[in-house]
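Enquirer: Please find one structure pasted underneath; my questions will follow.
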Amino acid sequence: MKILHLLYESKGDYFGIGGVGIRAYEIYKHLKGRHDITLLCKKYPGAKDGEIEGLKHIFVGVESKSLARTLLSYSYQAAKFVKKHGDDFDIIIEEFSPAIPTFLHFFTKKPIILQIQGHTGQLYFKKYNFLHALILYLMENIRPMFYDNFIFVNKETVKKFLQKSKKNISIISNGVSADLLDIFFSEGNYILYFGRIDIYTKGLDILIKAYNEFYKSFPDVRMVIAGDGRDIEKFKAEIENLSFDVRQKIELLGWISGDKKVEAISNALYVVFPSRHEAQPIVVLEAMACGKAVIVSDLPETQFVIDNNAGLSFKVGNYEGLAESMKKLLASNDRKEMGMRGRQWVKDYTWDKMAVAFEDILKNAARQQIGV
């Protein structure tokens, strides 16, 4: 098959790459030998068309350090590209973002699959000014109405979009590298957060308040934070407001990947994810694959952790509850067993298995188009 995937974040992106991009690269790692795959990505400073990790990349839009300008120009140019070249492909996958109003159905008759990895809803109004939030909120609710084929990462997100029964809905979870299931793990003297530095969405303000309380009982245990994002300077300033003794125990690693990432996870006491909003965080699955117990906020999207007794949860947004969970898990004799239960469960969610399921959906959609 000739596959076109509209992927608004890509490797080397000036604005960073999150779960949307990582998922695409991991799935296509297993499919690129069998299909002709093109990724249509937003342009960023220094972006050049060509192959990255064996996948053809085409960058469209305006080369700018303004994210809003970049996304809007990408929306326009991506739709223009599909209008001109869409019929050259067998199937088109579009990553859904309310900030990217492409409306591709106007420009091609080829089958389009809208891949939706999360739902933000009214949280937009807590993150942005009213007008900006209203536009995103309306686009999130209106745009999916024009599509017939969907891939979601979990059933909780499907419920939030309330799709009609006539829609073709598939669920393909995020996954983990099978290699993580075989790594040796131990325990250092630190708790780990790994992810994007987005203070509100990822609950990092809650995390440092909770660690401030936790430190009073366990002053020898460090808090290691791995990741990067546009809130990094603001986050550093919030850490500076803590007492000298506490902030000396907080280590910022920046963005890490590969062996450094695996080492950071596998040597942690446990991993904590205090998000106010999530879809299905890949890093939670990776922590479980590394045999680590995890702490998550009590979102429906992370309920699988509790269902599998692989960690603890706390009420979303409650730093005191997070602090208590951090203390409880450190003192727990069941911590390692939680980690092993999580590792056992996540064995069914390796990227190679997710790639096969993804491929089957694409083939079925392409066959339906030609009436096979």
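Enquirer: Among the residues of segment 34-53, which ones are open to solvent by less than 50 Å² (accessible area, probe 1.4 Å), among the small types (Gly, Ala, Ser) and either over 26 Å from residue 358 (Cβ atoms) or modelled with pLDDT of 95 or more (or both)?
Expert: 50
Enquirer: Listed residues 293, 355; which is touching a helix residue (DSSP H, G or I) at 6+ places or on another chain (Cβ under 6 Å), of a type in the set (A, V, I, L, M), in contact (Cβ under 8 Å) with a residue 40 or more places away in the chain and under 25 Å from residue 168 (Cα atoms)?
Expert: 355
Enquirer: Exactly one condition in (1) outside any helix (DSSP H, G or I); (2) surrounded by fewer than 16 Cβ atoms within 10 Å (Cβ to Cβ) is not met by residue 272; state its number.
Expert: Among (1) outside any helix (DSSP H, G or I); (2) surrounded by fewer than 16 Cβ atoms within 10 Å (Cβ to Cβ), the lone unmet condition for residue 272 is (2).
Enquirer: Would you list the strands (runs of 3 or more DSSP E) that sit entirely within segment 1-87 and hold 1 or more residues that are of a type outside the set (S, T, N, Q) and on the phi > 0 side of the Ramachandran plot?
Expert: 50-52
Enquirer: Here's something else I'd like to know. Could you tell me whether segment 127-138 includes any residue that is open to solvent by 30 Å² or more (accessible area, probe 1.4 Å) and among the small types (Gly, Ala, Ser)?
Expert: Checked segment 127-138: no residue is open to solvent by 30 Å² or more (accessible area, probe 1.4 Å) and among the small types (Gly, Ala, Ser).
Here is a yes/no grid of residues against (1) modelled with pLDDT of 95 or more; (2) open to solvent by 50 Å² or more (accessible area, probe 1.4 Å):
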| position | (1), (2) |
| --- | --- |
| 144 | no, no |
| 159 | no, yes |
| 182 | no, yes |
| 201 | no, no |
| 238 | yes, yes |
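The rows are residues; the columns are (1) more than 19 Å from residue 291 (Cα to Cα); (2) of a type in the set (Gly, Ala, Ser); (3) open to solvent by 50 Å² or more (accessible area, probe 1.4 Å); (4) touching a residue at least 12 places away in the same chain (Cβ under 8 Å).
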residue: 306; (1), (2), (3), (4): no, no, yes, no
residue: 316; (1), (2), (3), (4): yes, no, yes, yes
residue: 320; (1), (2), (3), (4): yes, no, yes, yes
residue: 324; (1), (2), (3), (4): yes, no, yes, no
residue: 331; (1), (2), (3), (4): no, yes, yes, no
residue: 339; (1), (2), (3), (4): no, yes, no, yes
residue: 342; (1), (2), (3), (4): no, yes, no, yes
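Enquirer: Which condition number in (1) open to solvent by 60 Å² or more (accessible area, probe 1.4 Å); (2) closer than 19 Å to residue 273 by Cα is the one that residue 218 fails?
Expert: Against the list (1) open to solvent by 60 Å² or more (accessible area, probe 1.4 Å); (2) closer than 19 Å to residue 273 by Cα, residue 218 comes up short only on (2).
Enquirer: Could you check, for segment 117-131, whether at least one of its residues is touching a residue at least 60 places away in the same chain (Cβ under 8 Å), among the polar types (S, T, N, Q) and within 23 Å of residue 302 (Cα to Cα)?
Expert: yes
Enquirer: Which residues, taken from segment 75-111, are closer than 18 Å to residue 161 by Cα and in contact with a strand residue (DSSP E or B) (Cβ under 7 Å, 6 or more places away or on another chain)?
Expert: Once the filter is applied, which keeps residues that are closer than 18 Å to residue 161 by Cα and in contact with a strand residue (DSSP E or B) (Cβ under 7 Å, 6 or more places away or on another chain), segment 75-111 yields 94, 95, 96.
The values are calculated or read from the model by the stated rules, or taken from the named source; none is laboratory data. Note that this is a predicted model, so its numbers are computed, not measured. So basically every Cβ, Gly included, is an ideal-geometry build from the backbone, and we count neighbours across all protein chains shown. Keep in mind that these areas ignore ligands, DNA and RNA; they rest on the heavy atoms of the full protein, side chains included. Shrake-Rupley method; radii C 1.70, N 1.55, O 1.52, S 1.80 Å.
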